[in-house]
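Notes for the one structure printed next.
The values are calculated or read from the model by the stated rules, or taken from the named source; none is laboratory data. What you see is a predicted model, and the numbers here were worked out from it, not measured in a lab. In this analysis, Cβ positions are derived from the backbone assuming ideal geometry, glycine residues included, and neighbour counts consider all displayed protein chains. Keep in mind that these areas ignore ligands, DNA and RNA; they rest on the heavy atoms of the full protein, side chains included. Shrake-Rupley method; radii C 1.70, N 1.55, O 1.52, S 1.80 Å.
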Amino acid sequence: MSSATPTPGPSPVRRLSLAGVLRLRRPSEIWFKPALSSVAAVAPPNLLLLAFGRLDLAMYTMAGSLCALYAHNRPYAARARTLAWVVLGMLGGVAVALVTASLTRDAVVLVTVGALLAAVQKALCDAGRVGPPGNVILTFISSAALFAPQTLAQIPGHLALAAAAGVWAWLVGMAPALVRPHGPERRATAQALNAAAAYAATRGTGDGHA
């Protein structure tokens, strides 16, 4: 009679499901608003530069104009504050980048400053709950500005262009308040009611209710 004990079989391998990662989510109900706002904020400044034959300055106006991508899901009082902080944050990042670019062309220094800027922008956007697109646009613009040929004498003019475009982006973002001053609140209430109705209809068994 053998006294050998049976060896346990190989433990089952748990596979990581990618279904949730790869599943396409339903787009936001206001997906088109950031897109339209960016067009309205970008086109006029760049068309003016084109008329004056100075499209080489478009990077600086784009810095301010792209702030129009933010805060579309917020009530207008909160949107005004958030957009103002985004514009100021954009100007601060661009200012640091332009000063650095004017003082050195050392790639290691430029990359280090870019990494530090990205970290600060990420932390501030998370702390302030800015929302999408988060620090992505701020980091993209400031990183590009780091590698733009620059002199100290040019910086005030370039920042003035970015600030003017940022003010225009703020106006574009706030313009819908003239037509529907309580639109964001009404939309949020409708979404909550629809979600509650869907939950009640399926008794909590619908997709995502768990």
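Using the Cβ of Gly173 as centre and a radius below 13 Å, the other residues enclosed give a net charge of +4, where K and R count +1 and D and E count -1.
Charged neighbours of Leu69, selected by a Cβ distance under 15 Å, balance to +3 (K, R count +1; D, E count -1). Distance between the pseudo-spin-label points of Phe140 and Leu124 (7 Å out from Cα toward the beta carbon): 1.9 nm.
Please give the Cα centre distance for segment 56-72 versus segment 99-153, rounded to the nearest Å. Distance between centres, Cα-based: 15 Å. Placing +1 on the Cβ of each Lys and Arg and -1 on the Cβ of each Asp and Glu in segment 31-176, which of Val120, Tyr70, Leu103 has its Cα farthest towards the positive end of the resulting dipole? Of the listed residues, the answer is Tyr70.
For Val136, Val179, Val109, what's the largest-to-smallest order of accessible area, 1.4 Å probe? Provide the component values of the computation, followed by the final result.
On the way: Val136 90, Val179 120, Val109 60 Å².
From most exposed to least exposed: Val179, Val136, Val109.
Among the trypsin sites (Lys or Arg not before Pro) found in segment 84-144, those both in a DSSP coil and sparsely packed, with 14 or fewer other Cβ atoms within 10 Å of their Cβ, are Arg105, Arg129.
Rounded if a/c is under 1.5, else prolate if a/b beats b/c, else oblate: with a ≥ b ≥ c from the C-alpha gyration tensor eigenvalues square-rooted, which is segment 109-172?
Values: a/c = 2.65, a/b = 1.13, b/c = 2.35.
The shape class here is oblate.
Would you mind classifying segment 31-176 by shape? Square roots of the alpha carbon gyration tensor eigenvalues, ordered a ≥ b ≥ c; an a/c under 1.5 is rounded, otherwise it is prolate if a/b is larger than b/c and oblate if not. Because a/c hits 1.5 or more and a/b fails to exceed b/c, segment 31-176 counts as oblate.
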